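Below: one structure, written as structure tokens.
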Amino acid sequence: MLISFFVNLNLVLNQILYPMPSIFIKIISREIPAYIIAEDEKFISFLDISPLTKGHALVVPKKEIDYIFDIEDELLSDMILFAKKVARAINKSVDCERVGVMVVGIEVRHAHIHLIPFKTADELSFQRPKLKLEKEELLQISKKIISNL
């Protein structure tokens, strides 16, 4: 009970300190476009427009929470299961050995999981240059992933 109080207090303080909605909220509300590949009442997944590899996607809770470990246990469990479904579809859709999971949370102050298809571990480094994919290629990748969900 006390832990829940502090988690909620932290969420309120984050909203006070960071009142602007994240770019993810703007995607969720369709204020800005995205290559959405999966969505339910709690989560959304879309392609990263500056990916490390082709098929790199993000899984984002619709509830704006800054830090992944501030997410309530049940919601975090559901988020992992949602990510698993998306990762399996990515794995079927792009040429990769596996789909890596990364949580960084520095660039956007809204909890999210990176799903990164890879063949070698060095492809998972955020120090690597980002790919610059054309809109048409992103659209084709998104359609292929959607077809494998």
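Annotations
- Residue among Leu124, Leu115 that is in contact with a strand residue (DSSP E or B) (Cβ under 6 Å, 6 or more places away or on another chain), aliphatic (A, V, I, L, M) and at pLDDT below 95: Leu124
- Of the set (1) assigned to a loop (DSSP other than H, G, I, E, B); (2) more than 14 Å from the chain's Cα centre (by Cα); (3) closer than 18 Å to Ile28 by Cβ; (4) among the β-branched types (Val, Ile, Thr), all apply to Val108 but (2).
- Answer from Ile90, Ile145, Ile80 - the residue that is at pLDDT 95 or above, touching a Gly at 6+ places or on another chain (Cβ under 6 Å), among the β-branched types (Val, Ile, Thr) and farther than 20 Å from Pro21 by Cβ: Ile90
- Candidate set from the stretch 111-136 (those that are surrounded by 13 or more Cβ atoms within 10 Å (Cβ to Cβ) and in a helix (DSSP H, G or I)); member that is farthest from the chain's Cα centre (by Cα): Glu123
- Flag for Ser93 being touching a strand residue (DSSP E or B) at 6+ places or on another chain (Cβ under 7 Å), small (Gly, Ala, Ser) and surrounded by 14 or more Cβ atoms within 10 Å (Cβ to Cβ): no
- Cβ-Cβ contacts under 6 Å between residues 6 or more apart (or on different chains), taken from a first residue in the stretch 125-149 that is basic (Lys, Arg) to a second residue that is outside any loop (DSSP other than H, G, I, E, B), are listed as Lys144/Ser93.
- Options Ile141, Ile146, Ile106: the member that is out of contact with any Lys or Arg (no Cβ under 8 Å at 6 or more places or on another chain) and surrounded by 13 or more Cβ atoms within 10 Å (Cβ to Cβ): Ile146
The values are calculated or read from the model by the stated rules, or taken from the named source; none is laboratory data. From a predicted model like this one, the values you see are computed outputs, not experimental measurements. FYI the Cβ positions are ideal-geometry reconstructions off the backbone, even for glycines, and counts take in every protein chain you see.
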